[in-house]
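For reference, the structure discussed in these notes is given below.
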Amino acid sequence: MMRKRSNSPIFWLLFGAGGMLAALFGPAMVYITGLEAGSGLILSPRVMDYSTVQAFAHNWIGKLFLCSLASFFAWHAVHRILCSLHDVGIHKTPAVKTVCYGVAMAITVVSAWALLRV
């Protein structure tokens, strides 16, 4: 019997990468942007100034980091939402998968476009 080809490993790869980045960089991003930037206990209060963040986004490494972070977080979140929709009675039909993964693709394209314009 011939096995049916599946594209689910691609989406599981994006989901796993997003989960790993969320676990590694998520708490650090919350700490730096949410707590430290406002209080200035350890880092300089100028860390989150517009000019500093803009200089980071102008660099190609910064653009790649920000785009991959936004993209992989989106793919991870959308896959989680898709799995959670099954719990409320919305099954994983091709139309539901297309809408969910289309949202993640749109976030990826928009973030890449916005960072390339910086």
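The values are calculated or read from the model by the stated rules, or taken from the named source; none is laboratory data. These figures come from a predicted structure and were not determined experimentally. Cβ placement follows ideal geometry from the backbone for every residue including glycine, while neighbour counts extend to all protein chains displayed.
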**Message:** Show the residue pairs meeting these rules: Cβ distance below 8 Å; 6+ apart or different chains; first residue within the range 25-52 and within 18 Å of Cys67 (Cα to Cα); second residue modelled with pLDDT under 85 and loosely packed, with under 13 Cβ neighbours inside 10 Å.
**Reply:** Thr52/Arg46
**Request:** Tell me which residues, restricted to the range 46-85, are surrounded by 11 or more Cβ atoms within 10 Å (Cβ to Cβ), aromatic (Phe, Trp, Tyr) and over 30 Å from Cys100 (Cβ atoms).
**Result:** Phe56
**Item:** Subset tally (residues that are farther than 20 Å from Leu14 by Cα and in a loop (DSSP other than H, G, I, E, B)) for the range 88-118
**Value:** 5
**Item:** Per-region count, the range 60-70, residues farther than 18 Å from Ala28 by Cβ and either at pLDDT below 90 or in contact with a helix residue (DSSP H, G or I) (Cβ under 9 Å, 6 or more places away or on another chain) (or both)
**Value:** 1
**Request:** Could you list all residues from the range 78-115 that are of a type outside the set (Phe, Trp, Tyr) and within 30 Å of Ser51 (Cα to Cα)?
**Result:** Ala104, Met105, Ala106, Ile107, Thr108, Val109, Val110, Ser111, Ala112, Ala114, Leu115
**Message:** Out of the residues in the range 91-104 meeting the condition of being surrounded by 12 or more Cβ atoms within 10 Å (Cβ to Cβ) and among the aliphatic types (A, V, I, L, M), tell me which one is nearest to Gly18 (Cα to Cα).
**Reply:** Ala104
**Message:** Condition first: loosely packed, with under 11 Cβ neighbours inside 10 Å, over 22 Å from the mean Cα position of the chain (by Cα) and part of a helix (DSSP H, G or I). Now tell me which residues in the range 5-45 satisfy that.
**Reply:** Gly38, Ser39
